[in-house]
Structure formats: C-alpha cells, structure tokens
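Notes for the one structure printed next.
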Amino acid sequence: MSNPAAAPVPPPAADPTFTPPSLGRRFGALVIDWVLCLLASNFFADPVRDGWAPVLVLIVEYGFFLGLFAQTPGMWITRIRCLAWADGGRIGLVRALLRGLLLALVVPALLMDEHRRGLHDRLTGSVIAAAPR
C-alpha cells in the first residue's frame, strides 16, 4: 500500500492543476523584503539620499536567499517560495541574482502570464509557488 502524501510532486510546468499564490501574498513578501533592505542599507549608506543602496541590497538578498533556500525572509513569512519552472528545484545563485536584477526594474514584474509568472520569472525559468506547511 503506497502513501499518497509521499508521492513525488510534479514540477509546476508539468502540473495542470498548478495554482499560483495570490498577488497579495507576493506583494506582502516584497514589502517585507523591501523594509529589511531599507534597514540593512542603513549600515553602509543613507537610503533616503542614496536610492541605489536598498535596491542593491534587494538584488543581493534575492540572489542569496532564492539561490540557496528558494525563499527570501518575506517569502518565508508569507509561505511562498521560488522554484524552477521546469523541474521544481532551486533556481541557483546566478538565476536568482538575475531575477533580483530584473525585479528591481519593476516593469518585468507587471507583465504576467496565466500562471502569474512575470517577465522576470519567465526569463529566469522560475515560478512562485505555495510553500509546504
């Protein structure tokens, strides 16, 4: 007798029942991460005067946390994660840094498909999915 809970989860690209998390959860995660980046950038710059500092911290944060853990602190709090679209694994450091850089441009995040994958997700082969409880 097999345990259905132990069955492997298909990657998002191969799962016709894949449902992305709400935009509210994604936006909530981004707001939390942005506040953390503003606080962290205070250590080496004035975020009000040096607008580049929090953006740089956000790109590095995305590269580090998404590349290694598939979640930023904001994503962990809102229970979402960033996975590779094709295989459901981690996207790695390089693609995570590129995703953070594209996200900092804002416009790619506004161009979404039916799976709520922004242009930054499609260009890096990633997708935001609900994290297991």
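The values are calculated or read from the model by the stated rules, or taken from the named source; none is laboratory data. Note that the structure is predicted; figures quoted are calculated from it, not measured. Virtual Cβ from ideal backbone geometry, glycine too; neighbours counted across all protein chains shown. Heads up: the accessible areas ignore ligands, DNA and RNA and are worked out on the full protein's heavy atoms, side chains in. Shrake-Rupley method; radii C 1.70, N 1.55, O 1.52, S 1.80 Å.
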Practice prompt. May I ask for the distance between the Cα centers of segment 17-43 and segment 54-133, given as a whole number of Å?
Written response: 10 Å
Practice prompt. Please list T19, T124 in order of solvent-accessible area, largest first, computed with a 1.4 Å probe with all protein chains present.
Written response: T19, T124
Worksheet, complete the sentence: Sorted by chain and then number, the residues having a modelled amide H within less than 5 Å of the amide H of W85, at least 5 places away or on another chain, are S126, V127
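If you place +1 on the Cβ of every Lys and Arg, -1 on the Cβ of every Asp and Glu, and leave all else neutral, what size is the dipole of the chain about its Cα centre, to the nearest 20 Debye?
On the way: 12 positive and 9 negative charges, 42 e Å.
Dipole about the Cα centre, nearest 20: 200 debye.
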Practice prompt. Mind computing the radius of gyration and Dmax over the alpha-carbon atoms of segment 30-82? Å is fine for both.
Written response: 11.2, 33
Fill in: Potential extension, T19-R49 segment - 0.36 nm per residue separation minus Cα distance
6.7 nm
Response to the item:
Residue by residue through segment 27-43, the couplings from Karplus 6.51 cos²θ - 1.76 cosθ + 1.60 with θ = phi - 60°, in Hz, x for Gly and Pro, are 5, x, 4, 5, 5, 4, 5, 5, 4, 4, 5, 4, 5, 5, 5, 4, 6
Item to complete: Measure nothing but the geometry: give the 0 to 90° angle between the long axis through the Cα atoms of 52-69 and the longest principal axis through the Cα atoms of the chain, rounded to 10°.
Response: 30 degrees
Discussion item. Positive end of the dipole of the chain, charges at C-beta (+1 Lys, Arg; -1 Asp, Glu), about the Cα centre: which of G67, P11, W34 has its Cα farthest in that direction?
Written reply: P11
Response to the item:
Ranking T124, V55, I77 by how far each Cα lies towards the positive end of the charge dipole of the chain (+1 on Lys and Arg Cβ, -1 on Asp and Glu Cβ), the top one is I77
Discussion item. Rounded to the nearest 10 Å², what accessible area does V107 have for a 1.4 Å probe in the complete protein model?
Written reply: 90 Å²
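Roughly how many Å² is the accessible area per residue of the chain, as a whole number, for a 1.4 Å probe?
Details: 7800 Å² over 133 residues.
Roughly 59 Å² per residue, with all protein chains present.
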Response to the item:
Low-density loop chymotrypsin sites (Phe, Trp or Tyr not before Pro), segment 40-117, at most 14 other Cβ within 10 Å, DSSP non-H/G/I/E/B, are F43, F44
Discussion item. What figure, in Å² to the nearest 10, do you get for the accessible area of I77 with a 1.4 Å probe and non-protein molecules left out?
Written reply: 100 Å²
Worksheet item: In the neighborhood of G89, defined by Cβ-to-Cβ distances under 13 Å, what is the net charge if each Lys or Arg adds +1 and each Asp or Glu adds -1?
Response: +2
Worksheet item: If you average over every viewing direction, what projected area does the convex hull of the Cα atoms of the chain give, in nm²?
Response: 8.6 nm²
